[in-house]
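Chemist: Here it is: the structure, laid out below.
None of the figures in this text is laboratory data; all of them are computed from the coordinates on show. All values reported here derive from a predicted model rather than from experimental measurement. Here Cβ is always computed from backbone atoms with ideal geometry, including for glycine, and neighbour counts include all displayed protein chains.
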Amino acid sequence: MPSPPSSYFSVLRTRHASRTFGAALLGRLSYGMISLSVMLAVKDATGSYAAAGAVMALFGLTSVFLSPARAALVDRHGPRRILPPMAAAYAVLLGTLAWATWGRSASVVLLAVLAVTAGACTPPLGPVMRTLWSRLVPDRRLLQRAYSLDAVAEELLFVTGPLLVGLLVTFTEPAAGVAVSAALVMTGTLALVSSPAVHPAGGSFRASADTTDPTPVPTRGTRLRVGAGLRQAIVVSAGVGLCLGSLDLLVVAFAEQRHQPEAVAWVLAALSAGSALGGLVYGAISWRVSDRLRLRLLAAALGVSLTASGFAPNLYVLVALVGLAGLFVAPALTTAYLIADESAAPGTRTQAGAWVNTAVNAGSSGGTAAAGLLIGNLPLAVCFVLAAVPALLSAAAAVNRTRWSVTTAPEHSLVRR
């Protein structure tokens, strides 16, 4: 039987894929806008950068660390039952936050309460979409491309979002960005759950895309079991997040040392461009090396590139080296999500993906905090090296337990461990 075509176009031509993916991206654009929007709105309402940072930190912490719990609700009851009320609560709370900060002074306590409760209700649209990909695209080669496409699109959303916020604040109040974020997540969520790709029965989100499969699948009480594969995906994702969180602040320090703060945007743009390019190329290759070994190699490559960045003699070389590091970011995250998907039992895939997502975001926050403590106390090159350590350690942790897994199967097959 001939293998199906496996281009990105083939992924998008899969039945219901474009509609479902487009709806998810619309809702996820909110997440690309919300951080800067909340920061600017709270700063405008309180006149305090400290208050803005504290409110944003509370919002981010509740959103990140409760993500697996929200994903578990989706796995248990189905997205059509859980996502609309979750998105509605999130949108109403953000709308209230926008109203409280629109052209007026506001209590920091009130804004913090609104931010915490909104963060607790953040719909897990990314993990849900990745679970839907595994149902829409059962072929593992196409699934790799689907996850790569998803990672690249998410990278672009987090570049586009702040630009849209900047455009909004040019013409109106900063709180408008919060209101638009609320509208986007509500619209995107409703469009997503209306897709035929989302199974209508609550509690059966774990069902296979192949409805003819006679294997009985339990719909209640399934708990996520964290095996070796999922542990590796979570640990390496946290290491990647630590590197990325550190890098943002290290780039700022590097540019300020050379009295060129305006160059920060170019360096970070190179990181995003490298990540997008790396993700697209990575997804187009039919790999014969196991996912778990690839993840270690990608983490090691990211760590080596980040280490080299600390010894850049000028900003031009730094742009090139950070762009090189970016080539490994989207592929590493894509591979982590693939491992999480294949490691999770039916009915727990959204939770598995959410744990990887949480690891990246928590690592990023920790990396930023760690870099803030290191910069000024150590030479900048040493700070870059220390920032690379988490990725290098996560890559080296199981080198002795891993062997090269090269298959003699047909080119379209992927080896799984």
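Chemist: Sort out for me the Cα centre separation of region 250-289 from region 344-368, rounded to whole Å.
Modeler: 22
Chemist: Taking the alpha-carbon set of region 228-401, what are its Rg and Dmax in Å?
Modeler: Taking only Cα atoms of region 228-401, I get Rg and Dmax of 15.9, 54 Å.
Chemist: Mind checking region 70-159 for trypsin sites (Lys or Arg not before Pro) that DSSP puts in a loop (not H, G, I, E or B) and that have at most 10 other Cβ atoms within 10 Å?
Modeler: Working: sites: R70, R76, R80, R81, R104, R130, R135, R140, R141, R145; in loops: R104.
Answer in residue order: no site qualifies.
Chemist: Which one, (1) 23.3, 70; (2) 20.5, 60; (3) 21.2, 67, gives Rg and Dmax of the Cα atoms in Å as derived from the coordinates shown?
Modeler: (3)
Chemist: Moving on to the next point. HN-Hα J couplings of region 236-253 from phi, Karplus 6.51/-1.76/1.60, θ = phi - 60°, integer Hz, Gly and Pro as x?
Modeler: Karplus values, whole Hz, x for Gly and Pro: 5, 4, 4, x, 4, x, 4, 4, 5, x, 5, 4, 4, 6, 5, 5, 4, 5.
Chemist: May I ask for the longest run of the chain untouched by chymotrypsin sites (Phe, Trp or Tyr not before Pro) that are loop-located per DSSP and have at most 13 neighbouring C-beta atoms (other than their own) within 10 Å?
Modeler: On the way: sites that count: F311, W404.
The answer is 1-310.
Chemist: Something else now. Could you pull out every residue, at least 5 positions away or on a different chain, whose amide H is within less than 5 Å of the one on S290? Hs are placed 1.01 Å off N in the peptide plane, and Pro or chain starts have none.
Modeler: S405
Chemist: To the nearest whole percent, what portion of all C-alpha pairs in region 90-185 is separated by more than 22 angstrom?
Modeler: Numbers: 2055 of 4560 pairs.
Of all Cα-Cα distances in region 90-185, 45 percent exceed 22 Å.
Chemist: So, how do all the Cα-to-Cα distances of region 8-193 break down into 5 Å bins, in percent, from 0 on up?
Modeler: Answer for region 8-193: a P(r) of 1, 9, 17, 20, 19, 14, 9, 6, 3, 2, 0 percent.
Chemist: When the chain is modelled as a GNM with alpha-carbon springs shorter than 10 Å, which of R296, R13, R28 fluctuates the most?
Modeler: R13
Chemist: For a quick check: sort V42, V74, V116 by the number of other beta carbons within 10 angstrom, fewest at the front.
Modeler: V116, V74, V42
Chemist: Hey, with R₀ at 60 Å, roughly what FRET efficiency would S107 and R19 work out to, going by the Cβ-Cβ distance, to 0.05?
Modeler: So the FRET efficiency works out to roughly 0.90.
Chemist: Compute the signed sum of charges (Lys and Arg +1, Asp and Glu -1) over the other residues within less than 12 Å, Cβ to Cβ, of A146. Write down the numbers at each step before the final one.
Modeler: On the way: positive: R13, R130, R135, R140, R141, R145; negative: D139, D150, D341.
Here the charged neighbours net out to +3.
Chemist: Quick one, can you get me the convex hull of the C-alpha atoms of region 298-351 expressed as volume per residue in Å³?
Modeler: Working: hull volume 3.7 nm³, N = 54.
So the per-residue hull volume is 69 Å³.
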